[in-house]
Amino acid sequence: MNSEVYKKNITGLKITIIGLRKSGYAAALLGYELGANIFVSELNNDPEIISNKNKLIKKNILVETGKHSDLVYKADFWVISPGVPNDIEIVNKATKLSIPIIGEIEFASRFTKLPIIAVTGSNGKSTTVNILYSMLKNGEFNPILAGNIGTPLSEKVKEELKNPKLGDIYILEISSFQLEFIDQFKPMISLYLNISPDHLDRHRSMREYIEMKLKMIENHDISDTVIYNIDDSVLRSSFNNYKMKKVPFSILEKTPYFRVNEKNIYDDNEDPFVFIDDIILKGKHNLSNMLASATVAKIMNVDDVIIKNTMKNFKGIIHRLQTIDKINQVTYINDSKATNIHSVIVALKSFNSPIILLLGGKNKKSDFRLLLPHTKRHVKHIVSYGEAGGEIAAAIGDAVRLNCVSSLNQAVASAHNLANPGDIVLMSPGCASFDQFKNFEERGKKFIELVSDMKVKECD
């Protein structure tokens, strides 16, 4: 089937949506709005799925849950949600039947004419898209934030079709899962933050993971731009064979727009741009995210004053090194967004006080021994929990003080008993949340709730 045909008009086409969480639900509504015959198939049957199913049924959209029947193959093409693995039986069969399969990001991007800035990397994506959103919003742009950040692109494109003045540019957080089934997706600017081992439970090897990330630029041409972290050993040489504009950023080397030393960020004229001490959001990783965002903003001709003010005043995002409260002089930090080992290492480097680290969830084939060199300085105790709790204990329990519990509730209670005044209780799980929670946001909210309940008990 000629993709250009259904890019412009999908009225009457049969589209199967695989998956009925946020992305699948939003894609179903967008397809319905555009006049397609939608059929949604979802293997699970939990409350979120049932709620979405009931809302779609009210619009006379066909939905099946708890199974994938043969009805899924009666389609002109599929739209697959990012949470659905690319190697399951129904996907393999659809491929053999020559049914075109595209991802939700690909699907939605076909129905907007707005330019796209796409941000990917193993860590720092959410922080960076929020910094960049603030820089552009305070400039002369009306950006729309979507993607892996929690708002599906399909949802925003559907709004845009009804209200063309919704915005003038998209800023998308893009995960490797969202890049598995792209075809025409073509950002105007692609920003690469870093590459470290992540999602190897799904991508099988580091090579496959890197190749998936690079799919984001497979449709780029000389009119497009890739901005990348030259400090990252993988990214330094990843774009050599691509024909596009290439702009590096760095906290270690001089780049086209900035240079950094211990005290200052300098602009391309070697004039002081921002004093590093004036930046609220601390940590070298966040400084790198700031420079990445500022480089994009420079290319977009955002005023220097706006870039500087954003760099100084941006306070961070929820679930990423978020200070929750202080109880008996113990500080509780929510870093639920840390779903891989590298993120945990970054978190540990952000503090100088003694740390009690809560580590656990669903393992993504991570090597927890990589944490050991970073625990020697000020990690006084680790509490492992959840499905990966035993694996963590087996991997590093002989080298650190560690106790293993079943749930996040028990982990917080254990940390509370172990903590002394001046300590930090850091929930930086290093794992996916899917063993006990539907996503990292729900896990973070639960941690906040547990800390709040604990404070109430302390005050009674």
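The values are calculated or read from the model by the stated rules, or taken from the named source; none is laboratory data. Given the structure is predicted, the values throughout are model-derived calculations rather than measurements. So basically every Cβ, Gly included, is an ideal-geometry build from the backbone, and we count neighbours across all protein chains shown.
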Please tell me if Asn328 is surrounded by fewer than 18 Cβ atoms within 10 Å (Cβ to Cβ), over 27 Å from Ile189 (Cα atoms), in contact (Cβ under 8 Å) with a residue 40 or more places away in the chain and over 20 Å from the mean Cα position of the chain (by Cα).
yes
Scan the stretch 261-275 for residues that are surrounded by 10 or more Cβ atoms within 10 Å (Cβ to Cβ) and either touching a helix residue (DSSP H, G or I) at 6+ places or on another chain (Cβ under 7 Å) or outside the structural domain of Asp304 (by TED's automatic domain parsing) (or both) and jot them down.
Asn264, Ile265, Phe273, Val274
For the stretch 1-81, which strands (runs of 3 or more DSSP E) that fit wholly inside it have 1 or more residues that are surrounded by 13 or more Cβ atoms within 10 Å (Cβ to Cβ), among the small types (Gly, Ala, Ser) and in contact (Cβ under 8 Å) with a residue 12 or more places away in the chain?
37-42
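This table checks each residue for (1) more than 27 Å from the chain's Cα centre (by Cα); (2) at pLDDT 95 or above; (3) closer than 30 Å to Tyr209 by Cα; (4) part of a loop (DSSP other than H, G, I, E, B).
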site	(1), (2), (3), (4)
Arg236	no, no, yes, no
Asp268	yes, no, no, yes
Lys282	no, no, yes, yes
Met290	no, yes, yes, no
Ala294	no, yes, yes, no
Asn301	no, yes, no, yes
Would you tally the residues in the stretch 63-90 being within 24 Å of the chain's Cα centre (by Cα) and under 25 Å from Lys186 (Cβ atoms)?
8
Is it the case that some residue within the stretch 427-447 is buried (at least 20 other Cβ atoms within 10 Å of the Cβ) and farther than 26 Å from Asn148 by Cβ?
no
Residue within the stretch 199-209 that is assigned to a loop (DSSP other than H, G, I, E, B), touching a helix residue (DSSP H, G or I) at 6+ places or on another chain (Cβ under 8 Å) and modelled with pLDDT under 90 present:
yes
Residue in the stretch 364-382 that is assigned to a loop (DSSP other than H, G, I, E, B), modelled with pLDDT under 95 and surrounded by 21 or more Cβ atoms within 10 Å (Cβ to Cβ) present
yes
Residues in the stretch 79-87: is at least one of a type in the set (A, V, I, L, M), at pLDDT below 95 and outside the structural domain of Asp183 (by TED's automatic domain parsing)?
yes
Could you tell me how many of the residues in the stretch 208-223 are under 22 Å from Asn289 (Cβ atoms), of a type in the set (D, E, K, R) and more than 16 Å from the chain's Cα centre (by Cα)?
0
How about the stretch 145-188: which of its residues are β-branched (Val, Ile, Thr) and crowded, with 24+ Cβ neighbours inside 10 Å?
Val157, Ile171, Ile174
Cβ contacts < 6 Å: first residue under 20 Å from Lys282 (Cβ atoms), restricted to the stretch 246-266; second residue acidic (Asp, Glu), any location; separation 6+ or different chain. Result?
Ser250/Asp231; Leu252/Asp231
Would you mention how many residues in the stretch 340-363 are free of Cβ contacts under 8 Å to residues at least 60 places away in the same chain and either part of a helix (DSSP H, G or I) or touching a Gly at 6+ places or on another chain (Cβ under 6 Å) (or both)?
1
Inspect all residues belonging to the stretch 352-360 and state whether any of them is touching a Cys at 6+ places or on another chain (Cβ under 7 Å) and at pLDDT 95 or above.
yes
Check Ile222 against each of (1) among the hydrophobic types (A, V, I, L, M, F, W, C); (2) closer than 24 Å to Asp303 by Cα; (3) out of contact with any Pro (no Cβ under 7 Å at 6 or more places or on another chain) and name the one condition it does not meet.
(2)
Need pairs with beta-carbon distance below 7 Å; first residue at positive phi and aromatic (Phe, Trp, Tyr) and within the stretch 376-405, second part of a helix (DSSP H, G or I) and surrounded by 22 or more Cβ atoms within 10 Å (Cβ to Cβ); sequence gap 6+ or separate chains.
none
Per-region count, the stretch 253-291, residues in contact with a Leu (Cβ under 6 Å, 6 or more places away or on another chain) and closer than 22 Å to Ser343 by Cβ
0
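So that you can scan it fast, the table gives a plain yes or no per residue for (1) modelled with pLDDT of 95 or more; (2) within 21 Å of Leu166 (Cα to Cα); (3) touching a Gly at 6+ places or on another chain (Cβ under 7 Å):
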{"site": "Ala108", "(1), (2), (3)": "yes, yes, no"}
{"site": "Thr127", "(1), (2), (3)": "no, no, yes"}
{"site": "Leu132", "(1), (2), (3)": "yes, yes, no"}
{"site": "Met135", "(1), (2), (3)": "yes, yes, no"}
{"site": "Gly139", "(1), (2), (3)": "no, yes, no"}
For the stretch 85-189, please list each of the strands (runs of 3 or more DSSP E) lying entirely inside it that holds at least 1 residues being over 16 Å from Ala297 (Cβ atoms) and free of Cβ contacts under 8 Å to residues at least 60 places away in the same chain.
143-147, 169-173
